[in-house]
Amino acid sequence: MAGYVSAHRQGSATLPRRRLTEPALVRWTLIGIALAFLALFLAVPLVMVFSEAFAKGVDAYWAALEDPDALSAIRLTLFVAAIAVPSNLIFGISAGWAIAKFRFPGRNLLITLIDLPFAVSPVISGLVFVLLFGRRGWFGPWLFDHDIKIVFAVPGIVLATIFVSFPFIAREIIPVMEASGTEEEEAARVLGASGLQTFFRVTLPNIKWGLLYGVILCNARAMGEFGAVSVVSGHVRGRTNTMPLHVEILYNEYNFQAAFAVASVLALLALVTLVAKAVIERRLARSLAAHDETAAPESA
Amino acid sequence: MSKSNRVLPGFRITMAFTLLYLGLIVIVPLTTLPVESITMGWTAFHRTLTDPRVVASYKLSLGASFVAAIVNGVFGVLVAWVLVRYPFPGRRVIDALIDLPFALPTAVAGITLTTLYAPNGWLGAPLARHGLKVSFTPLGVTVALIFIGLPFVVRTLQPVIEELDLQVEEAATSLGANRWHITTRIILPYLYPAWITGFALSFARAVGEYGSVVFISGNMPMRTEIAPLLIITKLLQYDYAGATTIAFGLLVISFVLLLAINGLQHWTGRRLAH
């Protein structure tokens, strides 16, 4: 819940006719206030990231990114996302199938439970893994005896990242799978398709845009998570530092230009995410509309 | 069980995997908080929660989140209205930009806002000349929380404004109502449930927020120390009990808000169905 609102599928809203809107003066005043607010809180900060990143020129910018610690932070971030996103993707598909295609008691409770990580503060998302796997945690002594390190090491970072990015894919797939119904899958089964054939040939084409949407949001969160990862990371430069943690270290060392250089890469990722999101939203709206059209004659 | 359940395969295996994964990744880790809080006993629990520094951090987190949610409530409804109803050049781009706070990693937002509002920053310098300090004050905390909560109100209201029945406005107009009356008597009352939902979502997100706030807050105990930061501080001092207690309190607040939001969305859904 908190931390996220679901996909905004903008319909082709027809704009009201002339007399049903405010006078031009009021209209432009309101537009002006809204844009000023958005410029102040969104546009100016965004511009500043890049301006600070290049404050000492292009060479300094590249130097900050080519620094061995920065490179290892980039590698770790990619590595963590490469585990977290596919794990949550498999979960999302599995949960989507069970929840959207079948009816069972406790269904709504299950959906609420999947949303839980959104309601939890990032710091708490990290803390719970320290309470489980830390030296004094539930499994701490056992892990210590077997010389396994989870918290303050890479496995802890992976776990915390999976936790915070957990609901994104499932919560996009469930409504899309629900909207496409079960008739097509049933027909495929009756015609002799196997379960997996049915999924890959019938279900997947129907949910691909919703799936991609969820993957993109999940990936953005996985690569950008700071609070949860900060709690479980050992903050060892070059070893357990992800990109957001590297930004923090550089900033706290007053190396602002380098901090913003690394931050600009993350900001770029955010911009790519926003563009991809806008494109997919349009596709999603179109595929849902197409589905409604094909479904309409049956219901009539 | 409906008929389709017998035709489609895979319910058992996908359900089993869903429950296992959910249990291992989310449920088991989260149960540590209530279990640890209960085993530490009431006195220790009570002592931590009434510690002045903890109380101050809760007050700041809740207070700043509330103010930020109010600001987002006011400007969010305006932005949502403008984006849905008024055509202007660049509307699509602006609409996509609304989600920036979701997509931008919180640490990036944190250092950016801090630099922007620092006494020598782009916005901090002119404000400082007027005697207004933002970075490293509770005001700075609020600014970061406005940024982080901004999309919630807008995104909750946009679909509701799109659904507004133009015929009602048309009827009111032909009956002689002017735009002011239509706005205050018809449109705004219709938006209330979604508006409050957006406010609550924005508030809930802000209460637990960490990354975008720690840099701009300055982290002075009793003054600009938010509750999530205090959890980390206690953890670094190996005060696991203290960290757990503060976290549990925060978790309870989040759950109460989650329940309220679910109720509100139910209400909004019913209103929209009419």
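A few points about this structure:
- For A:Ala84: the one exception among (1) out of contact with any Cys (no Cβ under 8 Å at 6 or more places or on another chain); (2) assigned to a helix (DSSP H, G or I); (3) surrounded by 21 or more Cβ atoms within 10 Å (Cβ to Cβ): (1)
One line per residue, one yes/no per condition, for (1) charged (D, E, K, R); (2) without any contact (Cβ under 8 Å) to a residue 40 or more places away in the chain; (3) part of a loop (DSSP other than H, G, I, E, B); (4) open to solvent by 10 Å² or more (accessible area, probe 1.4 Å):
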site: B:Pro101; (1), (2), (3), (4): no, no, no, no
site: B:Ala107; (1), (2), (3), (4): no, no, no, no
site: B:Thr115; (1), (2), (3), (4): no, yes, no, yes
site: B:Pro119; (1), (2), (3), (4): no, yes, yes, yes
site: B:Leu127; (1), (2), (3), (4): no, yes, no, yes
site: B:Leu132; (1), (2), (3), (4): no, yes, yes, yes
site: B:Leu139; (1), (2), (3), (4): no, yes, no, yes
site: B:Val143; (1), (2), (3), (4): no, no, no, yes
site: B:Ile148; (1), (2), (3), (4): no, no, no, no
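- Failed item in (1) in contact with a Ser or Thr (Cβ under 8 Å, 6 or more places away or on another chain); (2) of a type in the set (A, V, I, L, M, F, W, C); (3) open to solvent by 20 Å² or more (accessible area, probe 1.4 Å); (4) assigned to a helix (DSSP H, G or I), with A:Leu127 passing the rest: (3)
- Sole residue being closer than 23 Å to A:Leu131 by Cα, open to solvent by 30 Å² or more (accessible area, probe 1.4 Å) and either in a helix (DSSP H, G or I) or within 9 Å of chain A (Cβ to nearest Cβ) (or both), chosen from B:Ile246, B:Ile253, B:Ile231: B:Ile253
- Annotation: A:Gly238 fulfils all but one of (1) assigned to a helix (DSSP H, G or I); (2) more than 10 Å from chain B (Cβ to nearest Cβ); the unmet one is (1).
- For first residues located in the stretch A:132-148 and among the charged types (D, E, K, R), partners that are open to solvent by 100 Å² or more (accessible area, probe 1.4 Å) and lie 6+ apart or on another chain with Cβ distances below 7 Å form the pairs A:Arg135/A:Phe144.
- Test: residue in the stretch A:255-270 that is of a type in the set (Phe, Trp, Tyr), out of contact with any Phe, Trp or Tyr (no Cβ under 8 Å at 6 or more places or on another chain), surrounded by fewer than 23 Cβ atoms within 10 Å (Cβ to Cβ) and away from every other protein chain (no Cβ under 12 Å): no
- All conditions but one from (1) over 23 Å from B:Pro89 (Cβ atoms); (2) more than 8 Å from chain B (Cβ to nearest Cβ); (3) not acidic (Asp, Glu) apply to A:Met48; the one that does not is (2).
- Test: residue in the stretch B:89-98 that is surrounded by 23 or more Cβ atoms within 10 Å (Cβ to Cβ), among the small types (Gly, Ala, Ser) and within 11 Å of chain A (Cβ to nearest Cβ): no
The values are calculated or read from the model by the stated rules, or taken from the named source; none is laboratory data. The model shown is predicted, which means the values in this text are computed figures rather than measured ones. Reconstructed Cβ throughout: ideal geometry from the backbone, glycine too, with neighbour counts over all protein chains shown. Heavy atoms of the whole protein, side chains included, go into the accessibility calculation; ligands, DNA and RNA do not. Shrake-Rupley method; radii C 1.70, N 1.55, O 1.52, S 1.80 Å.
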